[in-house]
1. Once phi is turned into ³J(HN,Hα) by the Karplus curve 6.51 cos²θ - 1.76 cosθ + 1.60 with θ = phi - 60°, what whole-Hz value does each residue of segment 9-19 show in order, with x for glycine and proline?
2. About the Cα centre, and with charges only on the beta carbon of Lys, Arg (+1) and Asp, Glu (-1), how big is the dipole of the chain? Nearest 20 debye, please.
3. What's the whole-number percent of alpha carbon pairs in segment 1-56 lying beyond 19 angstrom?
4. Using only Cα atoms and rounding to the nearest 10 degrees, what angle (0 to 90) does helix 59-75 make with the longest principal axis of the chain?
5. Plugging the Kirkwood radius over Cα pairs into Stokes-Einstein for segment 6-104, at a temperature of 4 °C and a viscosity of 1.567 mPa s, what D comes out in µm²/s?
6. Give the long-range amide H neighbours of S26: residues separated by 5 or more places, or on another chain, with amide H under 5 Å away, using H modelled in the peptide plane at 1.01 Å from N.
7. List, in order, the whole-Hz ³J(HN,Hα) value for each residue of segment 51-57 obtained from phi through the Karplus relation with A = 6.51, B = -1.76, C = 1.60 and θ = phi - 60°; use x for Gly and Pro.
Amino acid sequence: MSTDCLFCRIIAGEIPADVVAETEHSLAFRDISPQAPTHVLVIPRRHEPNAAALAAVAPEEMADAWALVARVAEIDGLEGYRTVANTGAAAQQTVFHMHLHVIGGRELTWPPG
Ligand code: AMP
Ligand code: ZN
């Protein structure tokens, strides 16, 4: 738990979130600024700055996060979806607590911006 981390504060219940589903290790909640009809963030309860860092220290928790991604897609009835993990400020990462964006519910273009 990092007290100055927004997502740790959501995990702790100090900041409200629109929770979609959760597991022992992960939480899924709707993005406050959705970029598509479905825009959910899947985060680990453990504070790690990005996806690679989580995979390095707790691969089973990364697997748990991905299982929750699939559960979110099922809950929202998505036929297909995009999962994005921004890493570093140059890639527009703004919250340095690992999160997977689950984006769907509309036609998605490729390549992404
Ligand atoms: P990133 O830019 O990859 O670090 O993504 C951070 C995401 O967190 C952005 O899409 C924000 O819209 C989202 N976000 C910021 N604050 C909140 C919040 N309080 N509840 C839900 N999502 C948030
Ligand atoms: Zn955190």
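Laboratory data are not the source of any read-out in this text; all were calculated from the coordinates shown. In this text the structure is predicted, and so the values were computed from the model without any measurement. Virtual Cβ from ideal backbone geometry, glycine too; neighbours counted across all protein chains shown.
1. Residue by residue, segment 9-19 yields 6, 5, 4, 6, x, 7, 10, x, 8, 8, 6 Hz.
2. Details: 7 positive and 14 negative charges, 47 e Å.
So the dipole magnitude of the chain works out to roughly 220 debye.
3. Details: 439 of 1540 pairs.
When every Cα pair of segment 1-56 is considered, 29 percent fall beyond 19 Å.
4. 40
5. On the way: Rh = 13.4 Å.
The diffusion coefficient I find is 97 µm²/s.
6. Under 5 Å from the amide H of S26 lie the amide H atoms of R45, each far enough along the sequence or on another chain.
7. Whole-Hz 3J(HN,Hα) from phi for segment 51-57: 5, 5, 5, 5, 4, 6, 9.
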